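K.L.:
Right, I'll just put the structure down here and ask away after.
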Amino acid sequence: MARAADSDIDADDASVTAPWLSGDWGGFRTRLLQRGIAVQLGYVNELAYNAQGGTKSEVVDADQYLAGVTLDLDRLIGIHGGLFQVSVTQRTGRNLSDDAELGTLQEVQEIFGRGRTARLTEFWFEQKYLDGLVEWKIGRAPFGDFAAFECNFQNLTFCGPDPGNVITSYIWNWPISQWMTRFKFTLNRFGYIQFGIFDDNPKYLGKRDALLPVFFARSTGALVSAELAWLSTFGDGTLPGSYKFGAWYDTSKASDVVDVIGTVAVTNPGTAANSNAGRYGGYINFKQQITHNGMPYSNGGLSVFLNAVFADSRTSIVDRQIAGGVVYTGPLSWRPHDDIAFAVGTTHVNNRVAKAEARENALGPGRVGVQGSEYVFELDYTVRPIEGLLIRPNVQYVLDPGGTGQKTNNIVFGLKTVGNF
């Protein structure tokens with residue numbers, strides 16, 4: 001899932017002298033920064049209650065703990081433009097989508113997922129060349145350098161890099177890391193272009209050696225990704241934006257989602273399915289600030305976003321997701337750091353899968369639900385009472401959970417809390 005532990009922390013509140021809830025440790029933290037050592041300690045909690053839908057009403061919470069360090073190698077040992085990052089995460093808690101059997105395609109608590117275990121989430125070296133025009137990164141990292149997007153909502157539909165929300169079998173968002181390398185080239189007065197290669201091996205998802213930077217044997221292939229970004233600067237730089245276009249290709253062999261007798265392969269494991277070489281897809285990721293309210297806060301005003309991802313219909317059960325929304329920062333003159341946000345999105349199950357499900361029902365009515373699209377709406381209000389702390393009450397409405405039209409629509413009340421210690 002997304003790296004909410006740091007992406008949601010705001011560092012622009014000039015009224016607070018220290019950006020950390022645990023303080024400056026008697027000046028020790030500042031001295032570490034001056035020497036090139038930045039320590040990250042983060043916590044995310046997401047509470048959720050289903051007022052409607054599911055098999056029972058429950059209050060469930062999920063957590064993530066983060067500990068990390070960034071080393072500025074120029075200050076430490078004289079490697080100009082060099083950085084080294086190590087981050088470890090631990091996820092705990094429960095998932096309302098499972099516990100109350102909501103039947104949703106996307107989790108109503110994005111911070112849950114990939115096992116309640118400690119993991120090595122980042123372990124990489126990055127080197128800048130030509131005054132930052134060229135970057136090279138190598139090590140263990142999630143997919144999130146591509147299709148990068150903030151996690152300003154609680155439903156997974158609107159959180160983090162959307163390819164990893166749709167393709168969960170081989171594109172892995174935070175907190176899963178895999179061996180990778182990436183080259184990024186800055187394009188003056190335009191944006192950048194970047195290319196990456198990720199090792200494809202399902203063993204990264206396991207608990208064995210999850211805290212160690214091991215290279216697992218028997219990889220299935222390589223995931224190759226490319227992204228072109230235009231970074232806009234309208235309004236004399238006061239209205240920033242980003243427009244990203246990306247694609248990926250995975251060299252692994254994968255079974256067709258529909259087996260040779262025309263039913264869904266995953267529901268009939270005893271039947272044969274064709275094997276396909278290569279899996280692929282593409283995405284767009286747009287965000288643009290369109291107004292500036294003139295408050296002494298860099299992001300004050302209205303921003304809009306649109307994310308869309310499409311995957312091949314041979315190997316992907318879920319083949320597309322489209323989400324968009326608005327965020328207004330500083331809605332009240334006396335609350336310049338608050339946000340109010342609204343988003344709407346849809347996740348779609350492959351039409352080939354739906355036709356196969358219909359064929360299964362023809363063999364015996366009611367055997368499986370025929371899936372189509374799930375629709376999600378979320379309204380949030382974010383309060384930042386002090387720097388380093390974020391509190392976000394929210395309400396979600398899920399129409400057609402699972403895309404079957406057979407389950408009661410979900411109404412979920414949530415509370416997201418993010419702390420930077």
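Any read-out appearing in this document is the output of simple, stated calculations on the displayed coordinates, not a laboratory observation. Values in this document were obtained by computation on a predicted structure and should not be read as measured data. Ideal geometry is used to build each Cβ from the backbone, glycine not excepted, and the neighbour counts take in all protein chains shown.
K.L.:
Between LEU211 and LEU231, what is 0.36 nm times their sequence separation minus the Cα-Cα distance? Round to one decimal in nm.
P.N.:
Values: separation 20, 0.36 × 20 = 7.20 nm, distance 3.58 nm.
Length difference between fully extended and current span is 3.6 nm.
K.L.:
Another question, if that's okay. So, by mean Cβ neighbours within 10 angstrom, what's the order for 374-382, 193-201, 164-172 with the highest one leading? The partial results should precede the final answer.
P.N.:
Numbers: 374-382: 20.9, 193-201: 19.1, 164-172: 23.1.
Going from most to least packed, we get 164-172, 374-382, 193-201.
K.L.:
Let me ask something else. Kindly put TRP230, TRP248 in sequence by how many other C-beta atoms sit within 10 Å of each C-beta, fewest to most.
P.N.:
Working: TRP230 14, TRP248 25.
Least crowded to most crowded, the residues run TRP230, TRP248.
K.L.:
For the chain, I need the span (max minus min coordinate) of the C-alpha atoms along each principal axis, in Å, sorted largest to smallest.
P.N.:
70, 47, 42
K.L.:
Tell me, which longest segment in the chain has none of the trypsin sites (Lys or Arg not before Pro) that fall in DSSP loops with at most 10 further Cβ atoms within 10 Å? Could the numbers behind the result be given before it?
P.N.:
On the way: sites that count: LYS56, ARG189, ARG208, ARG218.
The answer is 219-421.
K.L.:
Continuing with the same structure: Compute the signed sum of charges (Lys and Arg +1, Asp and Glu -1) over the other residues within less than 13 Å, Cβ to Cβ, of PHE112. Don't skip to the answer; put the middle values down first.
P.N.:
Details: positive: ARG91, ARG94, ARG114, ARG116, LYS416; negative: GLU46, ASP61, ASP63, ASP98, ASP99, GLU107, GLU110.
Spelling it out: positives minus negatives among the neighbours equals -2.
K.L.:
Also, quick follow-up: Determine which lysines satisfy two conditions relative to LYS184: a Cα distance under 17 Å, and not lying fewer than 8 residues away in the same chain.
P.N.:
LYS128, LYS137, LYS244
K.L.:
How high is the relative contact order of the stretch 4-420, given as a whole-number percent (alpha carbon pairs under 8 Å, six or more residues apart)? Intermediate values should be presented prior to the final figure.
P.N.:
On the way: 1134 pairs, mean separation 64.6, N = 417.
Result for the stretch 4-420 is 15 percent.
K.L.:
Hey, another quick one. In debye, nearest 20: dipole of the chain around its Cα centre with unit charges on the Cβ of K, R (+) and D, E (-)?
P.N.:
Details: 36 positive and 43 negative charges, 182 e Å.
Here the chain has a charge dipole of around 880 debye.
K.L.:
By per-residue mean of other Cβ atoms within 10 Å, what is the highest-first order of 398-405, 151-158, 383-390?
P.N.:
Peptide ranking by packing, descending: 151-158, 398-405, 383-390.
K.L.:
I need the shape label for the stretch 54-186. Rule: rounded when a/c is under 1.5, else prolate if a/b > b/c, else oblate, with a, b, c from the alpha carbon gyration tensor.
P.N.:
Prolate.
K.L.:
What does the extension gain come out to for ASN276 and THR251, with contour length at 0.36 nm per residue minus their alpha carbon separation? Provide the component values of the computation, followed by the final result.
P.N.:
Numbers: separation 25, 0.36 × 25 = 9.00 nm, distance 0.98 nm.
Here the answer is 8.0 nm.
K.L.:
Taking θ as phi - 60°, what are the ³J(HN,Hα) couplings along the stretch 214-225 by the Karplus curve (6.51, -1.76, 1.60), each to the nearest whole Hz, with x for Gly and Pro?
P.N.:
Taking θ as phi minus 60°, the curve returns 7, 10, 6, 7, 6, 5, 8, x, 9, 9, 10, 10 Hz for the stretch 214-225.
K.L.:
Subtracting the Cα-Cα distance from 0.36 nm times the residue separation, let me have the gained length for PHE28 to ILE411 in nm, one decimal.
P.N.:
Working: separation 383, 0.36 × 383 = 137.88 nm, distance 4.64 nm.
Answer, rounded to one decimal: 133.2 nm.
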